[in-house]
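Heads up, the thing below is written out as structure tokens.
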Amino acid sequence: MMELYAFFFVQAMNKLVAWEKTLGESQNRDTQMKPEYAVQLFSEIGTFGVLCLTHQFKSTSQQCGRITEDMKAKKVLLQCGTVRDDLRELRRRFEDYLKEEPLFQLSLKELELYRSPGRDWEKVISRFPKTRVDIEESSKCYAFGRYAASLFHVLLVAEYGVVALAKLLSVAGDKPGWGSSDRLERISEKPYKQRSPVEQKYSSVLDSVMPFAFSMKNEWRHKISHVENKLEWLDTDFSPKMAGDIIGAVRGFMDKLAHELPKP
């Protein structure tokens with residue numbers, strides 16, 4: 001996916017349309033174009049051609065190339081009528097492309113999220129570098145309105161945190177995953193004095209992050225089912241607010257772990 005700045009295309013087309021109009025004012029098609037004008041037009045068409053090629057506007061870029069090659073072959077000794085016809089064809093090709101190809105626009109907030117997908121997650125990424133890919137993919141999916149995909153990635157981040165805490169408390173099991181949250185819950189239900197030394201040491205961390213696990217099992221149970229050792233979707237129709245709430249909860253959960261868990 002590429003970023004497209006409409007301003008540059010509008011600016012380039014305005015210049016070419018102005019050239020088309022100027023050349024059309026000549027009463028004689030065979031009138032020779034002034035060499036200095038031809039050099040300037042050659043440069044502007046070349047620039048527009050590179051812009052079109054970069055954004056894969058194939059037909060338009062090919063027309064730009066054909067015009068510039070013809071200008072070089074004639075050593076910019078050009079007839080006004082011929083150049084005007086070439087520019088008209090160039091404009092039509094570009095207009096046809098705009099009619100056929102859909103272009104999507106992001107809001108400023110969505111664009112910021114797409115460009116800086118790790119913003120507000122710096123502490124988590126620094127402490128748990130392996131979460132970077134899923135954090136950034138979650139942000140980019142959210143920016144494009146793919147909320148279920150966004151949550152798929154962010155819940156992998158949450159799973160990483162659950163497993164990290166479970167390993168610290170020696171309850172990750174043979175197949176670390178979301179099943180660890182049930183074992184963490186059993187620890188949190190034990191009276192403090194019945195907990196092991198390491199469980200007592202990290203009791204405050206456990207007690208503060210367990211509400212997140214409860215939310216996963218209760219508040220969002222109509223959307224996500226906690227089955228065996230993984231999460232399964234029951235419904236993928238997420239609203240922006242619900243997706244944002246879940247992402248915010250995961251970020252708070254991971255921030256807490258990044259701050260409280262000992263570094264390896």
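The values are calculated or read from the model by the stated rules, or taken from the named source; none is laboratory data. Just so we're clear, the structure is a prediction, and the values are computed from it rather than from any experiment. When we count neighbours, we look across all protein chains shown, and the Cβ atoms used for this are built from the backbone with ideal geometry, even at glycine.
Kindly provide the set of residues from region 14-58 that are farther than 20 Å from C80 by Cβ, assigned to a helix (DSSP H, G or I) and not polar (S, T, N, Q), ordered by number. Give the derivation first.
Step one: of region 14-58, the residues farther than 20 Å from C80 by Cβ are 47, 49-58.
Next cut, assigned to a helix (DSSP H, G or I) only: 47, 49-54, 58.
Of everything in region 14-58, those that are farther than 20 Å from C80 by Cβ, assigned to a helix (DSSP H, G or I) and not polar (S, T, N, Q) turn out to be G49, V50, L51, C52, L53, K58.
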I need a count of the residues in region 111-153 that are touching a Cys at 6+ places or on another chain (Cβ under 9 Å) and buried (at least 17 other Cβ atoms within 10 Å of the Cβ).
6
Does F57 fit the bill of being under 30 Å from F144 (Cβ atoms) and touching a helix residue (DSSP H, G or I) at 6+ places or on another chain (Cβ under 6 Å)?
yes
Within region 76-94, does at least one residue satisfy the condition of being of a type in the set (S, T, Y) and more than 20 Å from C52 (Cβ to Cβ)?
yes
Based on this model, can you work out whether S126 counts as under 22 Å from Q11 (Cα atoms) and of a type outside the set (D, E)?
no
Looking at region 229-248, which of its residues are under 19 Å from Y160 (Cβ atoms), surrounded by 14 or more Cβ atoms within 10 Å (Cβ to Cβ) and either modelled with pLDDT of 90 or more or touching a strand residue (DSSP E or B) at 6+ places or on another chain (Cβ under 6 Å) (or both)?
L231, I247
Of everything in region 48-100 that's closer than 22 Å to K21 by Cα and among the small types (G, A, S), which residue is modelled with the lowest pLDDT?
G81
Those residues that are aliphatic (A, V, I, L, M) and either farther than 14 Å from L206 by Cα or assigned to a helix (DSSP H, G or I) (or both), I need them from region 245-262; list them, please.
I246, I247, A249, V250, M254, L257, A258
For L77: the one exception among (1) assigned to a helix (DSSP H, G or I); (2) of a type in the set (A, V, I, L, M, F, W, C); (3) in contact with a helix residue (DSSP H, G or I) (Cβ under 8 Å, 6 or more places away or on another chain); (4) surrounded by fewer than 21 Cβ atoms within 10 Å (Cβ to Cβ)
(1)
